[in-house]
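The values are calculated or read from the model by the stated rules, or taken from the named source; none is laboratory data. Just so we're clear, the structure is a prediction, and the values are computed from it rather than from any experiment. Quick reminder, even Gly has a Cβ in these numbers, built from the backbone with ideal geometry, and neighbours come from all protein chains shown. With ligands, DNA and RNA removed, areas are computed over all heavy atoms of the protein, side chains included. Shrake-Rupley method; radii C 1.70, N 1.55, O 1.52, S 1.80 Å.
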Amino acid sequence: METKSPFLDTLFLLRKDECITIFTDIQEITKKEEQDAGDYLESEFEKEKLEFLSDTTGCNRETAVWAAKVLYHSVQMHLIRKGTGKDLNKLIPAFKGIRDISSILSADLSLRFLPQIIEVLTIADPEDVLVKMLEEILLPFHYSGIGYDLDLEKINWEEELKDKTYRKLYLERIVEKKAYKLAEIPYINQLLIAEFGLYKDIFWRELKTINNEDNDSKY
């Protein structure tokens, strides 16, 4: 699906083919484009919701569009930096909504691609201020950053994963990404081993079983 909108084209290409196009400049996103992006992302959310254990979680359009704009600007600023320095906080605004399961999963429609962008930016310039900004974006949305090395030491995992839908999706992505650092956190390791049961070696043979009496450890 192609449009004449760099913003929408970036979303379509990333979600369909996991590829990007760098345009000649960063164009301002119109209200119409935001509306179209919201419609598209909401439809994508409904498709992915078929995998959820619960159908009560709805798409947070505002959060989904915010994350899509962050992703679009991050992609374009890989090569286009002229005149963006003073506008970084406008192009990559911090999240100001309510963090709940709906917003986490809605943002993930776009933010799941952010770790790849960060890695590319880091290779180009390890001191890039944009890298730090994007890592700060990912911290409250670390579900989208599974597999990327984030500082999650302060998280109380029992509280974080108390929702069964979110817990299921979080564990599945840890396995998909083979995120060892997360999988070896005692509480998460316990959940994974319980889910695997007798089939642990089929799902993840290399994963160690962590025997730690302090299963209340946060990290």
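If the condition is being over 25 Å from residue 90 (Cβ atoms), open to solvent by 40 Å² or more (accessible area, probe 1.4 Å) and in contact (Cβ under 8 Å) with a residue 24 or more places away in the chain, then the stretch 52-71 contributes only 53. Screening 181, 132 for residues that are free of Cβ contacts under 8 Å to residues at least 24 places away in the same chain and either under 28 Å from residue 68 (Cβ atoms) or among the basic types (Lys, Arg) (or both) leaves exactly one candidate, 132.
Which residue is modelled with the lowest pLDDT, if the candidates are limited to the stretch 1-19 and must be assigned to a loop (DSSP other than H, G, I, E, B) and open to solvent by less than 70 Å² (accessible area, probe 1.4 Å)? Within the stretch 1-19, the match that is modelled with the lowest pLDDT is 3. Candidates in the stretch 188-219 are the residues that are open to solvent by less than 50 Å² (accessible area, probe 1.4 Å) and at pLDDT below 80; of these, the one that is nearest to residue 152 (Cα to Cα) is 217. Evaluation of residue 87 against the conditions (1) surrounded by fewer than 15 Cβ atoms within 10 Å (Cβ to Cβ); (2) assigned to a loop (DSSP other than H, G, I, E, B) shows that the sole unmet condition is (2).
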